[in-house]
1. When you go through (1) surrounded by fewer than 20 Cβ atoms within 10 Å (Cβ to Cβ); (2) over 16 Å from residue B:28 (Cβ atoms) one by one for residue B:51, which number turns out not to apply?
2. Does residue A:119 satisfy being more than 16 Å from residue A:11 (Cβ to Cβ) and within 14 Å of another protein chain (Cβ to nearest Cβ)?
3. Output the number of residues of region B:416-435 satisfying the condition of being part of a helix (DSSP H, G or I), over 14 Å from residue B:461 (Cα atoms) and among the aliphatic types (A, V, I, L, M).
4. Can you confirm whether region B:277-300 contains a residue that is surrounded by 12 or more Cβ atoms within 10 Å (Cβ to Cβ), within 11 Å of chain A (Cβ to nearest Cβ) and either over 60 Å from the mean Cα position of the chain (by Cα) or free of Cβ contacts under 8 Å to residues at least 24 places away in the same chain (or both)?
5. Exactly one of these conditions fails for residue B:312: (1) within 14 Å of chain A (Cβ to nearest Cβ); (2) modelled with pLDDT of 90 or more. Give me its number.
6. Cβ-Cβ below 6 Å, separation at least six or inter-chain, first residue in region B:76-94 and hydroxyl-bearing (Ser, Thr, Tyr), second surrounded by 20 or more Cβ atoms within 10 Å (Cβ to Cβ) and in a helix (DSSP H, G or I): which pairs?
7. Just name the residue that is nearest to residue B:362 (Cα to Cα) out of those in region A:93-107 that are within 11 Å of chain B (Cβ to nearest Cβ) and either modelled with pLDDT of 90 or more or in contact with a Phe, Trp or Tyr (Cβ under 9 Å, 6 or more places away or on another chain) (or both).
Amino acid sequence: MSHLIAIVEDDADLAGVLATVLESHGYAVSSASNGREALEQLHAGNRPALILLDMMMPIMDGREFREAQAGDAEIAGIPVVLMTADGNAPRKAESIGAVGYLAKPVGIPELLGEVRRVLGA
Amino acid sequence: MSEDTNDPKAIDVRILVVDDQRANRLALRALLTEPDYRVVEAASAREALHRLLGEEFALILLDVVMPDMSGFELASAVKQRRQTAALPILFLTAEADDMDRVFEGYQLGAVDYLVKPLNPDVVRAKVAVFAELYRQRKRIERQAALLVEAERRSSELRLVKLRLAADRRYRTVAEAAPQIMWTASSDGRVDYFNRRWFEYTGWPDSAPPDTWADAIHPGDLDRCRRAWRTALDSGETLQIECRLRNAAGNHRWHLCRALPVDVEETGPPAWIGTFTDIDDQKRALLEREVLHRETAEALQARDEFLSVASHELKTPLSALKLQLQLLLERPPADAAATPGWTQAKRGLELANRQVDRLVRLVAALLDVSKINAGRLQLELAEVDLSAIAEEVVARLADEAARSKVAVNVRAAGSVVGRWDRLRLEQVVTNLLTNALKFGAGKPVDIEIAGRRGVASLTVRDRGMGIAPDDVERVFRRFEQTGPARAYGGLGLGLYIVRQIVEAHGGTIRVESRPSEGSTFFVELPREPSAMQIAPVIQAADGRAPHDPDHSP
């Protein structure tokens, strides 16, 4: 059974191509265009193995999403990989308690490398 | 001299008559009549001593022979008492047979004698002499007392005059002072303002001093009254800033200070106060605060802008990059059979490289913006410079292959220091990219070495080199030497490299000869101390980072 990866990214083009890349490498993908939508999906029973989280989003950004996630024991344990354009991605990831990071712009090798590292496969 | 000291009657001449014979006492009393004399009788030596304790006498008339105590014994007792030691004693003796005892009396301090039976004229004459002596002594004593009193009064007068003079001098100084001065009594009532106060407020001289509150800004008045009350209660110096209304109706900030003065002294006021105009300093301070806040807000806004710009530029680049890589990695199933696919694939590869270039340019622009804003922050951690160099060389292997350049890495094992890993990667990447770009296809050497406390990185190419005139310019912004346009780029790489190296407290220099190649030498302290880390506030060309010409 393939791992489910949740993409939380407000840019539809980027979210789309991320999904295509991941699907073409055998992963199942769900998409949300902001933190609020991602939370709703999780509350509706969506249980991804990994969340790819954009930082800067409308309605609910990455940091707010992490706070809401941490407050809900059901979903708090789902690992998060941060996607950020910040010059210091490692520090940013650490500051929101993400297990990994992808510095934008993201390439396929880095994307797959980080996903595999976190999923342990 | 006052009249009563001239009047002999004002001086009471008391004479103690000591004789056991009442008849003798009465006889003497009859001779020495009032108002010249006041005779006090004592019938025995004991009674005489009792009298001497309570009253002051001018003279003692003393019978030599008495039953309880002899006259000589009494005389001896009188002479031994300090209060009566100077009291003249006239002995009363019978006939000349007592003459031996008279001489004894002289030794005991007697001044004269009278022989019984008493001759009234002789008694009167002798007593008159002693009475007059007594009166004179008393007069002198009185005058001396009067002199002391007069002296005391005169010195007090001098003191008062001195005080008045001091007060006048003090007032003169106060009047001449350039600041407002005032005095208040110990209960806090203001009783004096100097000329400057009336000049400042524009009030007439007749304005009573205790209306000072009318000049204080209504917004400051309560605060001032409370502080004044506190100072009065505690006796401690008052110091408060408040606005005072001037003659034109404008308020200016003043520093009000008041000191308590010694309240033991009766002359000076209990409080001396000043108002010093601090309006210019105060306004400058407020303006600085506003400026500081605005600068902080502007920096915050710039940081936010950089953050948003970074996100907005890199997000579409991500999508583009992923899409290109996806097309190259997973081409359509029948692509290979499609006419023109080879050409299309070359186009995709070119687009991919251009995206990478765009990515680097965007990163460089954002870095320069951060450096200009003084926001290049280092994340120091234990880092191995050799490992970083190996990683970068591996990452740029494709590019090296395309440029047909062999990259040789020589590292003396791991060279560890406390540095910012990402920033050092940037340094190595920039230097190596440059070497590949300008290396004319010849081998590039990278050497990493560690000495005590210092790590060095050397990158050597054998390409076109840099003209001597241009060597100084390569680390500046927007500079590219040689036929710059032929190579593209913004000329930011070496500028950023230098900023990063200097932020670590290190140095970078280049040795180069045209057509022989360039060698870049980087030295980094392994443990950049707080002192060594150069603030990135100052840009490489020495101009301040907030210079509007250099804003991004």
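1. Exception for residue B:51: condition (2).
2. The answer is no for residue A:119.
3. Total meeting the criteria: 3.
4. No: region B:277-300 contains no residue that is surrounded by 12 or more Cβ atoms within 10 Å (Cβ to Cβ), within 11 Å of chain A (Cβ to nearest Cβ) and either over 60 Å from the mean Cα position of the chain (by Cα) or free of Cβ contacts under 8 Å to residues at least 24 places away in the same chain (or both).
5. In the conditions (1) within 14 Å of chain A (Cβ to nearest Cβ); (2) modelled with pLDDT of 90 or more, residue B:312 misses (2) alone.
6. B:84/B:52; B:84/B:78
7. A:102
Here's the yes/no breakdown for (1) surrounded by 15 or more Cβ atoms within 10 Å (Cβ to Cβ); (2) outside any helix (DSSP H, G or I); (3) modelled with pLDDT under 90; (4) out of contact with any Pro (no Cβ under 7 Å at 6 or more places or on another chain):
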| site | (1), (2), (3), (4) |
| --- | --- |
| A:19 | yes, no, no, yes |
| A:31 | yes, yes, no, yes |
| A:37 | yes, no, no, yes |
| A:78 | yes, yes, no, no |
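The values are calculated or read from the model by the stated rules, or taken from the named source; none is laboratory data. All values derive from a computational prediction rather than experimental measurement. Quick reminder, even Gly has a Cβ in these numbers, built from the backbone with ideal geometry, and neighbours come from all protein chains shown.
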